[in-house]
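So the structure is just underneath, and the comments pick up after that.
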């Protein structure tokens, strides 16, 4: 029996260039149980690279909304290549729309967290047992779609093996980006209630956030440094610092073990100055902050739970500590006007982020934003492949703003930020003057002399553009 996990990736549809951790976790978990797993990444590999063997071959396909259509097309192609294929879908989109995914061609859909359910499916198929007793899946049986009771989420994340990212062509990811950056995750779930994410995240990961222990997190950091020699580690948590004490313990362990690595993360505003200082000492180079808007009206509409003053205060603290900042903005929210956009531009001028991302608000299925748009006839598209926040494809109708105007507003944000050269030079210079930081860079350079060259080239490019290219530089914009 062959087990193949497939990532139907597209460079133009990806917000970042990293192997998907979900498939990496499943590969490690299933192999720990004694099965062999292969991963196909269609960014770099062809579906024809699949190995077909015997009459029991299982294919697990991960899809989010922008790549769901491609995943369905791959499933059809696989079934033509392998008449005995069992195709299992998982990920955000199948979790929210499992019946639709089954009707489109999937044999089985895993709802939410995938490790235990996928392994149970593998064991059932391998031993010719029924699927009915596996919790948290949807499948077709005798022409009917069967949905089993919800499964329990994995309480102790430390029990999971580290995700095996070596099954992806990781060096090709590094080469594409021009920088050796690898990702990891320290928790599952998000404690917030933003209209554009919830309740989808709760359906994927449960109602409460589950955290790995600081020791387990730092053990994986050491594993990544030893095996992949990254220039930087990116923590891909939805809100990395949601449990501040955990982060403090992680930073103290990094310092205690003398791990020389740079890292960055994404989080909400509101961190304490002492915590930021400790993060910098532990190697935090850049903090991506969820700003979204400079208008209190919009922040209230999207249930962000923050104020413009809190945003300003956090950016000031980051500058004082010497951590570079990346600001996430959104345009085209419910209630957006030229006045609220002007508020956001004014805020950007005040906080002077080193880097920005500007997303066009996208009502992904399952979110409260999608349900609101559906109820009020505000959806501009019905094809899922048009739903992608990193591209110029508005899918939400906003009174008083046309699709062309929303795209123009996004581009204007980016152009305005490109002009802030002096501010970026000042931030970068201050960040690199820190003696502790310089010593860390020097120790890393002793192990890899080329890192200085890569950081210098990246810094030069960042000053000319919108900051460090922490996202996919090949996506359409």
- Pick out, from the stretch 76-146, the helices (runs of 4 or more DSSP H) lying fully within it that include 1 or more residues that are in contact with a helix residue (DSSP H, G or I) (Cβ under 8 Å, 6 or more places away or on another chain) and either farther than 17 Å from residue 3 by Cα or not assigned by TED's automatic domain parsing to the domain that holds residue 60 (or both). 92-96, 98-104
- Residue that is nearest to residue 242 (Cα to Cα) [pool: residues in the stretch 302-328 that are touching a helix residue (DSSP H, G or I) at 6+ places or on another chain (Cβ under 6 Å) and in a strand (DSSP E or B)]: 325
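Residue-wise test of (1) more than 24 Å from residue 202 (Cβ to Cβ); (2) modelled with pLDDT of 95 or more; (3) not assigned by TED's automatic domain parsing to the domain that holds residue 416.
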site: 339; (1), (2), (3): yes, yes, no
site: 343; (1), (2), (3): yes, yes, no
site: 347; (1), (2), (3): yes, yes, no
site: 355; (1), (2), (3): yes, no, no
site: 361; (1), (2), (3): no, yes, no
site: 368; (1), (2), (3): no, yes, no
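Yes/no matrix, rows are residues, columns are (1) surrounded by fewer than 20 Cβ atoms within 10 Å (Cβ to Cβ); (2) touching a helix residue (DSSP H, G or I) at 6+ places or on another chain (Cβ under 6 Å); (3) more than 18 Å from residue 92 (Cβ to Cβ):
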| position | (1), (2), (3) |
| --- | --- |
| 332 | no, yes, yes |
| 337 | yes, no, yes |
| 342 | yes, no, yes |
| 355 | no, no, yes |
| 361 | no, no, no |
| 368 | yes, no, no |
| 372 | yes, no, yes |
| 376 | yes, no, yes |
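Tally the residues that are on the phi < 0 side of the Ramachandran plot and in contact with a helix residue (DSSP H, G or I) (Cβ under 7 Å, 6 or more places away or on another chain), restricting the search to the stretch 169-198.
Here the count works out to 13.
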- Hits in the stretch 1-21 (condition: surrounded by fewer than 22 Cβ atoms within 10 Å (Cβ to Cβ) and either closer than 22 Å to residue 205 by Cα or without any contact (Cβ under 8 Å) to a residue 24 or more places away in the chain (or both)): 14, 15, 16, 18, 21
- Elements of type helices (runs of 4 or more DSSP H) in the stretch 161-278, at least 3 residues being touching a strand residue (DSSP E or B) at 6+ places or on another chain (Cβ under 7 Å) and either modelled with pLDDT of 95 or more or more than 23 Å from residue 9 (Cβ to Cβ) (or both): 214-228
- Item | Given (1) surrounded by fewer than 23 Cβ atoms within 10 Å (Cβ to Cβ); (2) more than 30 Å from residue 100 (Cα to Cα), index of the condition residue 383 fails | (2)
- Give the residue, chosen from 46, 38, that is at pLDDT 90 or above and either under 21 Å from residue 235 (Cβ atoms) or not assigned by TED's automatic domain parsing to the domain that holds residue 288 (or both). 38
- Item | Checklist (1) without any contact (Cβ under 8 Å) to a residue 24 or more places away in the chain; (2) touching a helix residue (DSSP H, G or I) at 6+ places or on another chain (Cβ under 6 Å) applied to residue 278, failing item | (1)
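The values are calculated or read from the model by the stated rules, or taken from the named source; none is laboratory data. In this text the structure is predicted, and so the values were computed from the model without any measurement. Positions of Cβ are generated from backbone atoms using ideal geometry, with glycine treated the same way; all protein chains shown enter the neighbour counts.
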